[in-house]
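Scroll down for the structure; my scribbles are underneath it.
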Amino acid sequence: MVSLLRNQKVRNTLLQVVYVGSLAALVLAGIIIARRNLAEQGITSGFDFLYKSTGWDVNFSLLPATANDPYWWFFLIGIINTLFLGCTGLILATLVGTIVGLARTSANELAQLLGRTYVDIFRNIPLILQVFFWYALITHLPTPRAAHEAWGLLLTSRGLYVPAPNVGGVAMALATSAVIAAIALPVWLGRTSRLSQPFGQRATIQLAGAAAALACAAIILVVGRLPDAPLLDFPALQGLNLRGGLRVPPEFSALAIAIAIYGGSYIAEIVRGGFKSVGKGQMEAARSLGLSPWRVFTLVRLPLALRAMLPILANQYVWLMKATTMGIAVGFTDFFMIVALTINHSGQTLEVIGILMGGFLAINLSLAAVFNRINKAIALKGNQLRG
Amino acid sequence: MISSNSTKAGGPAVRIENLDKYYGTFHALRKVNLSVERGERIVICGPSGSGKSTMIRCINRLEQHNGGRITVLGTELNDDIGNIDGIRREVGMVFQHFNLFPHMTVLENCMIAPTLVRNQPRAEAEATARRYLEKVRIPEQAMKFPGQLSGGQQQRVAIARALCMQPQIMLFDEPTSALDPEMISEVLDVMVTLASDGMTMICVTHEMGFARRVADRVIFMDGGEIVEQAPPEEFFTASQNERTRQFLSQVLGH
């Protein structure tokens, strides 16, 4: 017996069995207790409630929604709202972060100071405070009658009014996919022509691809416009309110701005780290070959910095995606707020929390999977020597 | 442009006059004077911190000098960007840590500068690149990435990359210091071939065997100054200077 316990393999297996066994027991106990408590309170568990109509409304939705729609439809709306807010926030945060990060790595001392101040301030104020700040600011903008106008945009306390295209739904979807293609095409062309085309021509091909896709989008928009209407519908004052155009509600703007500015301060540090990690040697070699500063940056420094940034950036994106749950603080109907409302109205707490966890897991695991693919695809081959 | 002017002008490949270089308050180069003729092979040695690397890095403006004049192939190296670019086109450099671009294939490493800086058509640039990869004896590695090669192979790619610009002068900054002993000879062999082709070479190295074989002149630097310069046989056997002899005994002593 003693000799068996001293056997490494036996001992490791035994530890595993004990560990998995107690975990299973714990989960089982949880389920039994939950079922007994639910039965005592007369709550029937299950997912039947998903098909009942909610009886309440959402204040922001990209899909048609009424109080008669079932819960599952509202969950879908919530997920799409979360994705929409998340993607907008991530794109803006990346823009802000890139600019601030570059400022911090620049040789200009004023730019460095501004960048550092920015990061110090916005990274150290809790996100929820920043959300409240922007929300208060936006809701204290002038009323629609006294709104500021610039380039057809109207800033009011009821939200930001932007001109909207008078275009049919199908054409809009097609044009959106064409714009996405305009971003994806250059990346794909760059990869496929990597070994067959020289650097200068490769950039031309990529630009041509992007331009063609954008032209397609423009043509689709013009062709698909609604009959007897101008291409763009400008918001205009009618009575006490604004008509026409598209209203971006203050809740959404406040969250998007807060995520952009807060997330931007973290991303700025990632960008700075990425550029710092590029060996001085590679840039010296590029300069000694006579390459111009711009080409040293775009062909050597940026591609190498991006490879260093991407894994940490993915982490940050997942984090910011979860930050959209701040929606509940200002009343934006994101996934989390819909879940909270559903718990109140239906009482199916455990099931709904399960759906919430499943939804965020799906979003963030997909995000991580995409980034892992990119990381793998552009990983440097072989062993790297730090110069 | 520079090449056509300077080949007519005929003067020395590199002329350094009263060169001063400071890092903050540290005086790295003290009024250095050096003239390198076309086709001449110079080996520079000296203890670390003596200013050898700084001096050759001034020749292609990786370091900016604080005083004196540097004239490369008849063009003075000053703040004129056109002059700097022109000189960099004609001066190739090989670094201690190879500094290849790890995200490009060996072939791309060799083609990037000729296609973008010299505007060579792709086919021509590729033919040149393959010819030089042949010359440094690794034609079969063209489609690999730098990280997949050994140190010696990487350094030979770095030499080929510099040669693809068809420079008139080659600078070597301790090209074998980061290599395992068995890889040093494969890099030195390539450098010897290059020397026998008549390339103007300025090499910072402690490979005294190489200096003896190919150098026209060996230069010893210490404390930011050129202490002694002489043809190799004289330098190694009949050095007049105490510091040189001490350095030599340390380098050759074992």
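The values are calculated or read from the model by the stated rules, or taken from the named source; none is laboratory data. Fair warning: this is a prediction, and the values are worked out from it, not measured in the lab. Virtual Cβ from ideal backbone geometry, glycine too; neighbours counted across all protein chains shown.
To keep it simple, each residue is scored yes or no on (1) in contact (Cβ under 8 Å) with a residue 60 or more places away in the chain; (2) surrounded by 13 or more Cβ atoms within 10 Å (Cβ to Cβ); (3) touching a helix residue (DSSP H, G or I) at 6+ places or on another chain (Cβ under 7 Å); (4) not in a loop (DSSP other than H, G, I, E, B).
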residue: A:Leu341; (1), (2), (3), (4): yes, yes, no, yes
residue: A:His345; (1), (2), (3), (4): yes, yes, no, yes
residue: A:Gly358; (1), (2), (3), (4): no, no, no, yes
residue: A:Ala362; (1), (2), (3), (4): no, no, no, yes
residue: A:Leu365; (1), (2), (3), (4): no, no, no, yes
residue: A:Ala368; (1), (2), (3), (4): no, yes, yes, yes
residue: A:Phe371; (1), (2), (3), (4): yes, yes, yes, yes
residue: A:Asn375; (1), (2), (3), (4): yes, yes, yes, yes
residue: A:Lys381; (1), (2), (3), (4): no, yes, yes, no
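A:Ala286 meets the stated requirement of being out of contact with any Lys or Arg (no Cβ under 7 Å at 6 or more places or on another chain) and either closer than 20 Å to B:Gly86 by Cα or of a type outside the set (A, V, I, L, M) (or both).
Highlighted here are the strands (runs of 3 or more DSSP E) found entirely within the stretch A:76-188 that include at least 2 residues which are aliphatic (A, V, I, L, M): A:153-156, A:159-162. Look at the stretch A:105-121: where a residue is touching a residue at least 40 places away in the same chain (Cβ under 8 Å) and assigned by TED's automatic domain parsing to the domain that holds A:Ile261 and a partner is surrounded by 15 or more Cβ atoms within 10 Å (Cβ to Cβ) and assigned to a helix (DSSP H, G or I), sitting 6+ places away or on another chain with Cβ atoms under 6 Å, you get A:Thr105/A:Arg272; A:Thr105/A:Phe275; A:Gly115/A:Val100; A:Gly115/A:Ala103; A:Gly115/A:Arg104; A:Tyr118/A:Val100; A:Val119/A:Ser265; A:Val119/A:Ala268.
Conditions tested, residue by residue: (1) in contact with a Cys (Cβ under 7 Å, 6 or more places away or on another chain); (2) of a type outside the set (A, V, I, L, M).
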| residue | (1), (2) |
| --- | --- |
| B:Phe101 | no, yes |
| B:Cys110 | yes, yes |
| B:Leu116 | no, no |
| B:Arg122 | no, yes |
| B:Ala125 | no, no |
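If only residues of the stretch A:177-186 that are β-branched (Val, Ile, Thr) and touching a helix residue (DSSP H, G or I) at 6+ places or on another chain (Cβ under 8 Å) are counted, the one that is modelled with the highest pLDDT is A:Val179.
The condition of being within 14 Å of another protein chain (Cβ to nearest Cβ) and more than 30 Å from B:Thr71 (Cα to Cα) holds for only one of B:Gln155, B:Gln168, B:Gln148, that being B:Gln148. Scanning the stretch A:134-163 for residues that are under 23 Å from the mean Cα position of the chain (by Cα) and hydrophobic (A, V, I, L, M, F, W, C) turns up A:Trp134, A:Ile138, A:Leu160, A:Val162. With respect to the stated conditions, B:Leu179 fails to be more than 13 Å from chain A (Cβ to nearest Cβ) and outside any strand (DSSP E or B). Entry remark, the stretch B:128-145: residues being within 13 Å of another protein chain (Cβ to nearest Cβ), of a type outside the set (Val, Ile, Thr) and part of a helix (DSSP H, G or I) number 2 in total. The single condition from (1) part of a strand (DSSP E or B); (2) more than 9 Å from chain A (Cβ to nearest Cβ); (3) among the hydrophobic types (A, V, I, L, M, F, W, C); (4) under 20 Å from B:Glu174 (Cβ atoms) that B:Ile56 fails is (1). The set of residues from the stretch B:187-213 being in a helix (DSSP H, G or I), buried (at least 19 other Cβ atoms within 10 Å of the Cβ) and either in contact with a strand residue (DSSP E or B) (Cβ under 8 Å, 6 or more places away or on another chain) or not aliphatic (A, V, I, L, M) (or both) comprises B:Met191, B:Leu194, B:Ala195, B:Phe210, B:Ala211. Taking the conditions exactly as written (buried (at least 17 other Cβ atoms within 10 Å of the Cβ), modelled with pLDDT of 90 or more and not in a helix (DSSP H, G or I)), does A:Phe332 satisfy them or not? Spelling it out, A:Phe332 is indeed buried (at least 17 other Cβ atoms within 10 Å of the Cβ), modelled with pLDDT of 90 or more and not in a helix (DSSP H, G or I). For the stretch A:53-68, the criterion of being closer than 17 Å to A:Val352 by Cα and either basic (Lys, Arg) or part of a helix (DSSP H, G or I) (or both) is satisfied by no residue at all. Within the stretch B:112-127, restricting attention to residues that are within 8 Å of another protein chain (Cβ to nearest Cβ) and surrounded by 19 or more Cβ atoms within 10 Å (Cβ to Cβ), the residue that is nearest to A:Ala379 (Cα to Cα) is B:Ile112. Given the criteria within 14 Å of chain B (Cβ to nearest Cβ) and in contact (Cβ under 8 Å) with a residue 60 or more places away in the chain, does A:Leu299 qualify? Yes. Given the options A:Thr139, A:Thr82, A:Thr143, name the one that is β-branched (Val, Ile, Thr), in the same structural domain as A:Met326 (by TED's automatic domain parsing), at negative phi and modelled with pLDDT of 90 or more. Among A:Thr139, A:Thr82, A:Thr143, only A:Thr82 is β-branched (Val, Ile, Thr), in the same structural domain as A:Met326 (by TED's automatic domain parsing), at negative phi and modelled with pLDDT of 90 or more.
Based on what the data block shows, is A:Ala308 closer than 30 Å to A:Leu85 by Cβ, crowded, with 23+ Cβ neighbours inside 10 Å and more than 10 Å from chain B (Cβ to nearest Cβ)? When the stated conditions are applied, A:Ala308 does not pass them. A count restricted to the stretch B:10-53 and to residues that are assigned to a loop (DSSP other than H, G, I, E, B) and over 23 Å from B:Arg89 (Cβ atoms) stands at 8.
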